[in-house]
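First up is the structure itself, then whatever we jot down about it.
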Amino acid sequence: MDDSSEHLLAIILDTNLTSVVANGDEVGPVLDAILVFCNAHLMASTSNMLCLIVAHADQNRPLFPPEAEDAHAQGHYELFSQSCADIVRQLKDMMEETPPGSHTSAPMAAGLAMSLCFINRISRERPPQVRLQKRVLVVTAHGTVAAQYMDFMNVFFTAQKLAIQVDACVLGQESGVLQQGADITGGICLRTPHARGLLQYLLWVFLPFGEQRQKLALPEPPVVDYRAACFCHRQLVSVGFVCSVCLSIFCKFAPICSTCHTVFKVKGMSLPKPTKRKRAKHGL
Ligand SMILES: [Zn+2]
Ligand SMILES: [Zn+2]
């Protein structure tokens, strides 16, 4: 491993993975795999850092590093092994408070934004000579996150600008939005068919960083579903209408763009009057 660089990994865990996270009193196979994976990442090097955020119901909660502790006071590995029991307890509390299933999708895009803020803060705190490799891993069972399409896209382009790779490990159905995110930021989006094999996939595909990853024989990247979501219904569309001014996408033709209020001229159609917008008067 290249000793001159540090590796910072942020994991967003979508707890709508439901029963797989907690199974009665036992920790479910998914959470088990995530905890082992976190340990493996932190054990690989003493300088490796970790951030674990849980997207549950309508909130995102950072579970690691714990707020009270100074993240740099001690190695993340020791801190994580001490916090493991606490992380599991907090997750179970969250599950009991709001049982999964009552909400269709957790605010994962916001969780991603939160992780980018964390990574950005850590990178500012590091001395400039340290080469910090940054990565975000999303673990979710929700293939369809089209409702948060715009938020996801904003986060992906921010990540691309900050040179942060976004990886996604999707259990169950494929996710077009996360595939796009991985493609934009140079990460990997992998669908794992079973929760049981999750740890193997995590250790094989998602443990190696940057240059190490390029040396591996990885699964073939999926054909990216590059459909965009319309601004009116947040549904993925193959063919749609695009506003020529602000590039908003609509699945149905509308004479006025709902984003920038531009009125489109169409032959043979009586047009509604444009909405008047207040403009600041300049005394010229
Ligand atoms: Zn629409
Ligand atoms: Zn427009």
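The values are calculated or read from the model by the stated rules, or taken from the named source; none is laboratory data. Keep in mind that what you see is a predicted model, and the values were worked out from it rather than measured. Glycine gets a Cβ as well: all are built from the backbone with ideal geometry, and neighbour counts include every protein chain shown.
Out of all the residues in segment 193-200, is one or more farther than 21 Å from residue 227 by Cβ, within 14 Å of the chain's Cα centre (by Cα) and in contact (Cβ under 8 Å) with a residue 24 or more places away in the chain?
Applying the first criterion (farther than 21 Å from residue 227 by Cβ) to segment 193-200 yields 193-200.
Going one step further and asking which of them are within 14 Å of the chain's Cα centre (by Cα), we end up with none.
Within segment 193-200, not a single residue is farther than 21 Å from residue 227 by Cβ, within 14 Å of the chain's Cα centre (by Cα) and in contact (Cβ under 8 Å) with a residue 24 or more places away in the chain.
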Complete set of residues in segment 235-247 that are within 12 Å of ligand 1 (Cβ to nearest atom) and modelled with pLDDT under 90: 235, 236, 237
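Can you say whether residue 226 is assigned to a loop (DSSP other than H, G, I, E, B) and in contact with a helix residue (DSSP H, G or I) (Cβ under 9 Å, 6 or more places away or on another chain), as far as the supplied structure shows? It would help to see each step written out before you state the result.
Details: assigned to a loop (DSSP other than H, G, I, E, B): yes; in contact with a helix residue (DSSP H, G or I) (Cβ under 9 Å, 6 or more places away or on another chain): yes.
Judged against the criteria, residue 226 is a match.
Loosely packed, with under 12 Cβ neighbours inside 10 Å, hydroxyl-bearing (Ser, Thr, Tyr) and outside the structural domain of residue 153 (by TED's automatic domain parsing), is that true of residue 244? Walk me through it before giving the result.
Working: loosely packed, with under 12 Cβ neighbours inside 10 Å: yes; hydroxyl-bearing (Ser, Thr, Tyr): yes; outside the structural domain of residue 153 (by TED's automatic domain parsing): yes.
Taking the combined requirement at face value, the residue satisfies it.
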Single residue of segment 214-253 satisfying the filter (without any contact (Cβ under 8 Å) to a residue 12 or more places away in the chain and of a type in the set (D, E, K, R)) that is farthest from ligand 2 (Cβ to nearest atom): 215
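Can you confirm whether residue 228 is farther than 21 Å from residue 48 by Cβ and within 16 Å of ligand 1 (Cβ to nearest atom)?
Details: farther than 21 Å from residue 48 by Cβ: yes; within 16 Å of ligand 1 (Cβ to nearest atom): yes.
So residue 228 fits the description; yes.
Taking segment 168-189, which residues are free of Cβ contacts under 8 Å to residues at least 60 places away in the same chain and closer than 18 Å to residue 31 by Cα? Spell out the reasoning first.
To start, the set of residues in segment 168-189 that are free of Cβ contacts under 8 Å to residues at least 60 places away in the same chain comprises 168-170, 172-175, 177-189.
Listed by number, the residues that qualify are 168, 169, 170, 172.
From the list 231, 264, exactly one residue is over 29 Å from the mean Cα position of the chain (by Cα) and either at pLDDT below 90 or outside the structural domain of residue 179 (by TED's automatic domain parsing) (or both). Which is it? Don't jump to the end; show me each part of the working.
On the way: 231 fails: over 29 Å from the mean Cα position of the chain (by Cα).
Every option except 264 fails the conditions.
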All positions within segment 254-268 that are assigned to a loop (DSSP other than H, G, I, E, B) and surrounded by 10 or more Cβ atoms within 10 Å (Cβ to Cβ): 254, 255, 257, 258, 259, 260, 261, 262, 264, 266
